[in-house]
Amino acid sequence: MDFSFSVGDREYKLKVKKMEGNGILVTVGKKKFHATVDFICPDEFIMNINGRVYDVIINAENHSYSVCINGKFFEIEKKTALQLLGTAEEKSGRKEVKTSMPGRIVEVLVEEGDRVKKGQPVLVLEAMKMQNEIKAPQPGKVTELSLNPGDSVEANAHLFAVVNEMT
Amino acid sequence: MDFSFSVGDREYKLKVKKMEGNGILVTVGKKKFHATVDFICPDEFIMNINGRVYDVIINAENHSYSVCINGKFFEIEKKTALQLLGTAEEKSGRKEVKTSMPGRIVEVLVEEGDRVKKGQPVLVLEAMKMQNEIKAPQPGKVTELSLNPGDSVEANAHLFAVVNEMT
Amino acid sequence: MDNKGKTFSKILISNRGEIAVRIIRACREMGIKPVAVFSEADRTALHVRLSEEAYCIGKAKPVESYLNVDAVIEAAKKSGAEAIHPGYGFLAENSDFVSRCEKEGLVFIGPGSKAMDLMGRKTKSRAIMAEAGVPIIPGTVEPITRKEDLVSVAVKLGFPVLLKASSGGGGKGLRRVDHKNELLSAFNLACSEAESSFDDASVYIEKYIEEPHHIEIQILADHHGNTVYLGERECSIQRRYQKVVEETPSPFLDEETRFHMGEIAVKAAQAVNYRNAGTVEFVVDKDKHFYFLEMNTRLQVEHPVTEMVTGIDLVKSQIEIAAGKPLRFGQKDIQAKGHAIECRIYAEDPDNQFMPSPGKIIHMRTPSGGLGIRNDNGVYEGFTVPMDYDPLLSKLITWGNTRTEAIQRMQRALSEYQVYGIKTTIPFFKRILSHPDFCQGNYNTHFIADLEKEKIKKERDDLEVALMAAGIRTYQESRSGLNRRSGTKDSNWKIQGRIKNFMNRL
Amino acid sequence: MDNKGKTFSKILISNRGEIAVRIIRACREMGIKPVAVFSEADRTALHVRLSEEAYCIGKAKPVESYLNVDAVIEAAKKSGAEAIHPGYGFLAENSDFVSRCEKEGLVFIGPGSKAMDLMGRKTKSRAIMAEAGVPIIPGTVEPITRKEDLVSVAVKLGFPVLLKASSGGGGKGLRRVDHKNELLSAFNLACSEAESSFDDASVYIEKYIEEPHHIEIQILADHHGNTVYLGERECSIQRRYQKVVEETPSPFLDEETRFHMGEIAVKAAQAVNYRNAGTVEFVVDKDKHFYFLEMNTRLQVEHPVTEMVTGIDLVKSQIEIAAGKPLRFGQKDIQAKGHAIECRIYAEDPDNQFMPSPGKIIHMRTPSGGLGIRNDNGVYEGFTVPMDYDPLLSKLITWGNTRTEAIQRMQRALSEYQVYGIKTTIPFFKRILSHPDFCQGNYNTHFIADLEKEKIKKERDDLEVALMAAGIRTYQESRSGLNRRSGTKDSNWKIQGRIKNFMNRL
């Protein structure tokens, strides 16, 4: 079985093949790995590669995998046409800022259309009793900003975008 | 909703009624209990009865409930025609002995048909490196015994029965 | 009065999270029935599950539940509790609440309202301390009310200066200002945070100490005239004035300074007739001169490190003191052994500016076993961390014969600690605990800010393994007809959602 | 040689369960890479999950895996481990295995083969001890080979007598005989158990001591001539000669006897040139006369109680000694502080004659948090406890300033400990820890047998609540369309079964 995954902006080709017993053969790029796999439950398993033990927790959400290997986190995307589009968008110089947490907007420090420097505070968001400055991820023009002080936002909500016209 | 449960040889009638919010009204026999119920997952919930907190783990297997209340275990049966039959059988004086663990028969100390005293060893079963004497649960005649030394038994397997002819 | 025998038969704990759980455990060990209170957001919280009795006191918003004095008092009355333990935060340093308890005939487990009130007003307490001969940092004694004063005072003290909330604590409403032109905006932010956190916008100003250490002394005072100190806690590892790692003994102090600080802390407590557990916070400069910062009139988050080296259970001591018992030990009986470190595990994303990360904990494996490991937890696998409160999940504490052993234990414990579903500060602690400056005990309050400037080596070590795992998972899913809905633990929580909706709908 | 710096870079642990996990943790704290071995039954065991490397060494049956010397040595060679830690049980007291390690250039973390061999032969060791001036119990010095001798020796000693496996330990192959007419059947059972447990049917006979205490002394001996003792462990709470609760200090001993036993234990160890950690077991009669019972030439199950009061990590000490380092402490540096108790949590059903209860752990909540709690676990939620091994799941240890505090902590910890899916001895420990005789420290080795004669008050307290829970569960199930298959955590394990079958089938 063949897969294509991406991590950040790098792409990886994989082949997975079932072997005898608990064995499995995985080809990552040009490297071959022989492993045994023992499931604890569907999203937890132990991989053993030539004696080295990897304790895996993995969760799939649409085409996104959140993988925890011996306590270290990795975000992996399964490649689809949609994602290729996303990458194209990134390249156009637009960077979207979302919030990872639900909260309340305390202050909006710039107006839509303003030019900002990288790291310049755009919003102040209060969540879990702390006020957090949300900063511009790159220099450029602030767009898609329609929040006002007092607004509540959910986790993963869009806050604003910054378009870098240089690219 | 009405239920009939049994614990040991006692029977209990229950009525369960949903109230406002997380509230629930349960009638056990003639007593009424108002509780709030908050689920953590389908087999774990918190019951709060007038402030008193009960942490519940519960698992249903056919008509049998295994209930853990604040760490204390209870076995509860839902009454069915089949179980009534079982009770009748109990009353006839037959007591069946099962093993709670898988293991291996080391020795058979009596023969089928032998009369035994209560507590008299009938079998020696080895499991988890320990030898355990399996004793007669009541005085009477040993029946349905067909195991031999060296036999393996699964958890919950029938071992033998003792029939008390006095009843 | 004997220090054996009954103290109380029921105690209500007016708090949530790990500290409520900690107090419940102390009560259970003393044969006292613990009574919990909870908000709508905490219906299935760990402190509710472990309590004997629990009462809902209102909505998620703190002012409608954990800060609601009437609701807390009502629950205490209903349960028949004789005493209230406030934990830290919420009502713990609210002297009006203490007065109310006193009026209602409920024992407040903490100092009297008068001592609390004195120490709570940061500027007032500085004045009292100065009078009692306790060294204080140069700065204003009253809150700044006029913006003109702000500038003149700051210029007189010389930059950098610190702006501090008069009712503050825990780093909220605290701002360091390096230049005159940042002064006004920092003041506004500090006032606004102070207002929203403590319902009191007053802010005062202090000289900022260079290369400072934040070191505090734990004290205990009973109602029989005994006041003792239980050594110090080094709390200089701070991020945005919020402590993240604490340890005892301090790798920076010498025996003489330690002794001197202990004596002064006792003096400070005695100056206000202090009772119960309290902490005297000092800022210590690079030449080991120390200045009184404030007194926290309650149990500290970081109290476990003191417990680990002294063997003294501070919560039990608090309860015994509140019940009028004399201390079980004198100053000479308090002998620290070994070294202890605490890491505060927060639901925050260290890869994303430490943004809070509330949500469902899908998997959780906590470190356990072996000598010298303690995990004061406030959550469990399957719990949804609410967005309404402080993101502290648990405190991981290790003890060792030496500082090196305590650090090695912490590294081991962190390597076993896995939380999945929400982000935590565990990876951040792994960085701190393996940092050469930390390992050598060579740090001050600037440590974290300096650390954040260091470039993080991007971990690509196990990337291929992660890719393999994703491949195996996809393969298994496609072949076995498993889909995510029925196949993951998460699905249980989805089903739970269905049940809840159903329960609420009927 | 310095006691700082490197010891080994890799250690293979030839064991499973909680002790393998315990040793892995010590390795990780010392910066040593732990290598695990596992049988087919232990593919997903905790010791595998926590190791750095792991190798399958054979089938479930111990002789085909954990007792398979060749397979263990092969795994050690393959991994490049420099040393092997045997834990307890399995190969820990097999002197042939030690010789083999010595031959293969692998460091065995334990005594040399000669000392082990001497102490392992119970009758031989008694002779050596008698010669060295260590008091021993009257009895045979050689195994009984002729049944005629059995009767004559027993009659000469006077009943009751004890039959003991020459290669025994852990209560296996041990029988107390009160009357002449029980002698032969008891002898046969003891020989058969000895044969199946230790592959050696030899059994010897000893005078049975009345109202005995079983008290042991921990010793450590390095390769530089230093031998120290680390206080005693009271192990009189036994069921069928199997220890279930241990504590230190013993509530029975006085300071003088304690000191005298320590000195004798060191003498015993020195008599055989003993190295590494060892335990000298004594039986102590009601007048505090003590007799050498045997020496366990390995780490004991109950070693944590000693660690809790001394602060000394015994596994780390073992590793340092094996690496040739001198002890970090002398006899004077070893100061016990407070009191510690251990409960061995077994997968056994206390309501059903302590039948082993292997199977899937569906839910597990372990006690955590607060001062003085330690849980040395060997399993996790979701793990299937195999039927092939000793049913020890974990060891719960508490520490307190006083014995009373340690007991109260244990009671609290037990109340939080919930295992669902298999039966455990937790309810049994709740009975012991609340028993007046235990709480007063007034017990000997007959305690459990006496306890088992006491009538158990049938718990009906929360029965109505349990019925309510069953009603609510049924109601919810019928209304929400949930069925057991998709609704419980258990279903994940069912799905797992499907996956496994699938993986194996392909």
In units of 2.2 N^0.38 Å, the Cα radius of gyration of chain B is 1.36
If each part is reduced to its alpha-carbon centroid, the stretch C:244-318 and the stretch A:4-28 end up apart, in Å, by 55 Å
Rounded to two decimals, the Debye log10 I(q)/I(0) of the protein assembly as shown (Cα scatterers, no solvent) at q = 0.06, 0.07, 0.08, 0.09 Å⁻¹ is -0.58, -0.80, -1.06, -1.35
At R0 = 22 Å the Cβ-Cβ FRET efficiency linking A:Glu111 and C:Glu452, nearest 0.05, sits at 0.15
Note to self: C-alpha centroids of the stretch C:24-67 and the stretch D:150-185 sit apart, in Å, by 57 Å
In the stretch D:339-445, taking the dipole from +1 charges on Lys and Arg beta carbons and -1 charges on Asp and Glu beta carbons about the Cα centre, the listed residue (D:His363, D:Gly441, D:Phe429) farthest towards the positive end is D:Gly441
Quick note, the stretch D:16-70: a/c under 1.5 would make it rounded; otherwise a/b > b/c is prolate and the rest oblate (a ≥ b ≥ c, C-alpha gyration tensor); here it is prolate
Distance in nm between C:Val153 and D:Lys124 label points, each 7 Å along Cα→Cβ, equals 8.4 nm
Counting other chain Cβ atoms within 10 Å of each Cβ in B:52-64 and taking the mean gives 6
So, with points 7 Å from each Cα along the Cβ direction, the D:Glu40-D:Gln270 label distance in nm works out to 5.2 nm
Where a ≥ b ≥ c are root eigenvalues of the Cα gyration tensor, a/c under 1.5 meaning rounded, otherwise prolate if a/b exceeds b/c and oblate otherwise, the stretch A:2-78 counts as oblate
Karplus-derived 3J(HN,Hα) from phi for the stretch D:345-360 (6.51 cos²θ - 1.76 cosθ + 1.60, θ = phi - 60°), whole Hz, x at Gly and Pro, runs 7, 9, 7, 9, 9, x, 8, 9, 6, 6, 4, x, 10, x, x, 7
Sequence order, the stretch D:25-32: Karplus ³J(HN,Hα) from phi using 6.51 cos²θ - 1.76 cosθ + 1.60, θ = phi - 60°, Hz rounded, Gly and Pro as x, gives 5, 4, 4, 4, 5, 9, x, 9
For chain D the mean separation of alpha carbon contacts under 8 Å (6+ apart) over residue count, i.e. relative contact order in percent, is 13 percent
Simple SL model, points at 7 angstrom along Cα→Cβ for C:Lys332 and D:Ser185; separation in nm is 6.4 nm
Semi-axes in Å, largest first, for chain C (Cα gyration tensor, √(5λ)) are 36, 30, 24
Of C:203-211, C:80-88, B:5-13, ordering from highest average Cβ density within 10 Å down gives C:80-88, C:203-211, B:5-13
Partner shielding of D:343-355, taken as the mean number of other chain Cβ atoms within 10 Å, equals 3
The protein assembly as shown: antiparallel bridges as % of DSSP beta bridges, rounded to 5, reads 90 percent
Quick calc, the protein assembly as shown, dipole around Cα centre from Cβ unit charges on Lys, Arg (+) and Asp, Glu (-), nearest 20 debye, gives 2200 debye
FRET efficiency for D:Glu195 and D:Arg460 from the Cβ-Cβ distance with R0 = 51 Å, rounded to 0.05, comes out at 0.65
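Taken together, the values in this text are just the output of simple stated rules run on the coordinates, not laboratory data. Note that the structure is predicted; figures quoted are calculated from it, not measured. Heads up, the Cβs are rebuilt from the backbone with ideal geometry, glycines too, and the neighbour counts pull from every protein chain shown.
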